[in-house]
Every structure is written in structure tokens, then in C-alpha cells.
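Peer 1: Pasting in a structure now, in C-alpha cells, and then I'll have a few things to ask.
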Amino acid sequence: MSPVKRMFPHLQNYVRMVRKVLVSAASIRQQPHNRFTSDGYEVIPDFLSSAESREIIAFAQSYVRGHSYVIPPQHYCEDEQDGGKCYMHHRAESTDINLGMVQFINVQKLDERYSRLLYSVKTMLEKRTGETLVAQSAVVQLDMPDQQTKRRLHTDGLTVRYKAFLYLSDVQNIDDGPYTVIAHSHRHVARKLLNLFYVRWRSLGWSREKVSRSDQFGDMALFYNEKQTIPILGQAGTLILSNQLIVHQGGYNTNPRWALILHYIPSKFWDGKPFDMYQKDVGSQGYPDQQMLAEA
């Protein structure tokens with residue numbers, strides 16, 4: 001097969017990616033003008049109290065077992081039986097980036113307070129964006145100290161998605177690993193298309209550069225650097241609304257950081273499936289001791 005024929009499917013895929021970027025850009029341009037839609041993020045202090053933040057940390061800690069596993073369905077709330085699963089995911093078991101990250105995914109299935117938080121913030125985002133959103137997941141995340149493996153500046157995919165980051169521990173300086181953004185970058189189109197092509201070029205082996213799993217679509221290797229970023233500091237209970245097409249990065253923390261992360265997607269882009277981020281990596285790993293779960 002000629003080199004041109006071998007490249008053709010990859011070029012087709014790139015055309016599909018370009019189409020997604022343009023569709024998302026058009027969707028963003030149609031949004032009402034306000035601080036959130038202009039900057040791509042918004043900070044809301046004191047959304048939760050320190051006591052409420054500590055309660056969420058204690059809830060997550062009661063399920064931590066030092067490895068990934070799936071929570072048995074019998075522990076789920078009755079109104080959360082949508083076919084999705086709740087699970088604990090240790091990133092070090094399956095990736096080469098963000099190795100200090102532990103994620104407790106779909107916790108709204110275990111406790112109604114997380115469903116209430118999901119829908120409360122959903123209403124806030126819908127008012128700002130003028131879009132109908134689907135509340136996908138509540139994730140309690142622990143970032144252990146990590147100065148080496150944090151993912152570089154990136155966007156979350158090619159389709160408009162939103163997250164709300166709720167700090168559960170104080171993020172007072174760079175050592176605490178603040179969420180970091182480049183304001184207004186969710187509106188950039190040409191720079192992102194060039195980055196997509198560059199990362200695709202590297203991942204296809206069209207150059208001699210070594211590629212790792214961290215070189216993935218969404219990484220912003222060109223035109224952006226950390227000098228342009230804004231680290232978002234705040235006390236426990238601070239809420240950050242974020243358009244995930246903004247160029248962003250998790251901070252290089254030397255102190256542990258706890259956060260509750262709420263995931264949303266415009267209904268027009270939703271595939272109708274339950275939220276399953278990293279579920280394949282967790283698989284069907286054995287449940288911990290049932291008595292320990294019952295006590296949790």
C-alpha cells in the first residue's frame with residue numbers, strides 16, 4: 001500500500017476532528033455574553049462551608065482501599081439505577097500521567113447530596129450558557145503530591161463540556177496544586193487546530209520524536225505556556241465553573257489536594273450513555289470486603 005493510501009484514513013479522522021472543533025466554536029459564539037462565557041471560567045467563593053467540605057473528604061476516605069475497584073450496585077441509591085457504576089480509580093494503575101491522582105467516580109449513586117449538588121450547579125451553568133445540560137457525574141478526587149507526572153496544558157476533548165471544581169481543602173499557594181487556566185482560550189480555534197495536527201503528526205510516527213500516552217489529542221504543545229496561566233487559589237468550599245475547552249492544567253502540587261468535580265455536557269452532544277470515565281481500566285476488579293463497605 002502506498003504511503004498516501006496509508007495516510008488517507010488518518011486524514012479522514014483529522015477532518016472529523018476539525019469539524020468537531022468548528023461545531024463547538026460555533027456553539028460557544030451563540031452563548032449569551034457574561035463573565036463565564038467570556039473568560040471561560042468563574043470563581044465563586046464560599047459555595048460550601050469548611051465543615052461540609054470535611055464531611056465529603058471523610059465520606060471518600062471511608063471507601064479508599066489503596067486500589068481500584070467497583071462499588072457493588074446494592075449500595076446505590078434507588079433513583080440512580082441507570083446502568084452506570086460507581087468505582088474507585090487509582091490513576092497509577094493504568095496511565096503514565098497524573099500518577100498521584102485517585103478518583104472516586106459517580107458518587108451521586110451512593111448519596112443523594114451529590115445529586116443535589118450536581119443539579120444545583122447545573123442550573124447555574126444553564127443560566128450562564130443558555131444551554132440545556134446533562135448532569136453526568138460527581139467525582140471526589142484526591143491529588144497526592146506530584147511534581148513529575150501532571151499532564152501538560154490541554155483541553156478536555158473536542159466537544160463542549162463543563163466542569164465545576166469544588167475545593168475541599170484549602171488551595172492557598174502553588175504548592176497546593178491549584179486548577180490553572182488560560183483565560184479566553186476556550187474561544188481559540190486556529191491555535192487548537194494546529195495543536196491537534198501537531199499531536200496527531202507525532203502520534204502517527206511521522207517524525208522521529210518518541211511518543212508516550214501523555215501525547216494525546218487535546219494536549220496544547222504549541223503557542224501556550226505556563227507564563228500565560230492563571231492559578232486559581234481559594235479556601236475549602238470555593239467553586240470554580242469551567243468550560244473544558246479552555247486551556248488548563250492541574251497544578252504541580254507538593255501538598256495533597258481534595259476536590260469534588262462535577263461533570264456536565266450539553267444535551268445536544270450527549271450520547272445517552274452513563275458516565276464511564278476510566279471504567280475500562282478498573283474493569284470488574286474484585287470488590288473489597290463486604291463488611292468494610294457496609295460500615296462505610
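Peer 1: Mind putting a number on the dipole of segment 3-284 about its Cα centre? Charges go on the C-beta only, +1 for Lys and Arg and -1 for Asp and Glu, and I need it in Debye to the nearest 20.
Peer 2: Computed charge dipole of segment 3-284: roughly 1520 debye.
Peer 1: Quick one: Debye curve from the alpha-carbon atoms of segment 1-152 only, equal weights, vacuum; give me log10 I(q)/I(0) at q = 0.10 Å⁻¹ to two decimals.
Peer 2: Cα-only, vacuum Debye calculation for segment 1-152: -0.57.
Peer 1: Which lysines does residue 192 reach when only Cα atoms under 16 Å apart count, and residues fewer than 8 places away in its own chain are ignored?
Peer 2: Once the sequence-local lysines are set aside, what remains near residue 192 is 20.
Peer 1: Mean projection of the alpha-carbon convex hull of the chain over all orientations, in nm²?
Peer 2: Averaging across all directions leaves 16.3 nm² for the Cα convex hull.
Peer 1: Then there's this: Helix-only mean residue ellipticity at 222 nm, the chain, DSSP H runs n ≥ 4 weighted -39,500 (n - 2.57), per residue, nearest 500. What is it?
Peer 2: Value at 222 nm, helices only, nearest 500: -9000 deg cm²/dmol.
Peer 1: Leaving ligands and nucleic acids out of the surface, order 252, 87, 14 by accessible area at 1.4 Å, largest first.
Peer 2: Ranked from most to least accessible, the order is 252, 14, 87.
Peer 1: Now for a separate question. Can you give the accessible area per residue of the chain, in Å², using a 1.4 Å probe?
Peer 2: That works out to 48 Å² per residue.
Peer 1: Continuing with this model, one more query. Between residue 174 and residue 5, take the C-beta separation as r, use R0 = 41 Å, and let me know the FRET efficiency to the nearest 0.05.
Peer 2: Once rounded, the FRET efficiency stands at 0.25.
Peer 1: So what's the angle, to the nearest 10 degrees on a 0 to 90 scale, between helix 50-61 and the longest Cα principal axis of the chain?
Peer 2: So the helix axis and the longest Cα principal axis differ by about 80 degrees.
Peer 1: Additional query: Need the C-alpha centroid separation for segment 1-69 versus segment 88-134, integer Å.
Peer 2: Rounded to whole Å, the Cα centres lie 11 Å apart.
Peer 1: Further question: Just to verify a number: what accessible area does residue 264 come out at with the full protein assembly present, 1.4 Å probe, Å² rounded to tens?
Peer 2: The accessible area comes out at roughly 0 Å².
Peer 1: Report, to the nearest whole %, how much of the accessible area of the chain belongs to carbon and sulfur atoms, 1.4 Å probe, protein only.
Peer 2: It is 53 percent, rounded to a whole number.
Peer 1: Taking 0.36 nm per residue of separation and subtracting the Cα-Cα distance, what length does fully extending residue 52 through residue 235 add?
Peer 2: Here the answer is 64.6 nm.
Peer 1: Moving on. ³J(HN,Hα) across segment 226-233 via Karplus (A = 6.51, B = -1.76, C = 1.60, θ = phi - 60°), whole Hz, x for Gly/Pro?
Peer 2: Values per residue, Gly and Pro as x: 5, 5, 8, 7, 10, x, 9, 9 Hz.
Peer 1: Please give the length that would be gained between residue 30 and residue 44 if that part of the chain were fully extended, namely 0.36 nm times their separation in residues minus their C-alpha to C-alpha distance (nm, one decimal).
Peer 2: 2.6 nm
Peer 1: Contact order normalised by length for the chain, with contacts defined as Cα pairs under 8 Å and 6 or more residues apart; what percent is it?
Peer 2: 30
Peer 1: Something else now. Per-residue accessible area for residue 75 at 1.4 Å probe radius, Å² rounded to 10?
Peer 2: It works out to around 50 Å².
Peer 1: Next question, about the same structure. Could you work out the relative contact order of segment 106-145? I mean the mean sequence separation of Cα pairs under 8 Å and 6+ apart, divided by the number of residues, in percent.
Peer 2: About 49 percent, as a whole number.
Peer 1: At most 15 other C-beta atoms within 10 Å and a DSSP loop state: those are the exposed trypsin sites (Lys or Arg not before Pro) I care about. Give me the longest piece of the chain that has none.
Peer 2: Counting only loop sites that pass the neighbour cut-off, the longest clear stretch is 66-151.
Peer 1: Using a simple spin-label model with points 7 Å from Cα along the Cα→Cβ vector, what separation in nm is obtained for residue 267 and residue 254?
Peer 2: Going by the 7 Å Cα→Cβ label model, 4.9 nm.
The values are calculated or read from the model by the stated rules, or taken from the named source; none is laboratory data. Since the structure is predicted, the reported quantities are computational estimates derived from the model, not experimental observations. Cβ coordinates were reconstructed from backbone atoms using ideal geometry, including for glycine residues, and neighbour counts include every protein chain displayed. Please note that ligands, DNA and RNA were not included when accessible areas were found on the heavy atoms of the full protein model with its side chains. Shrake-Rupley method; radii C 1.70, N 1.55, O 1.52, S 1.80 Å.
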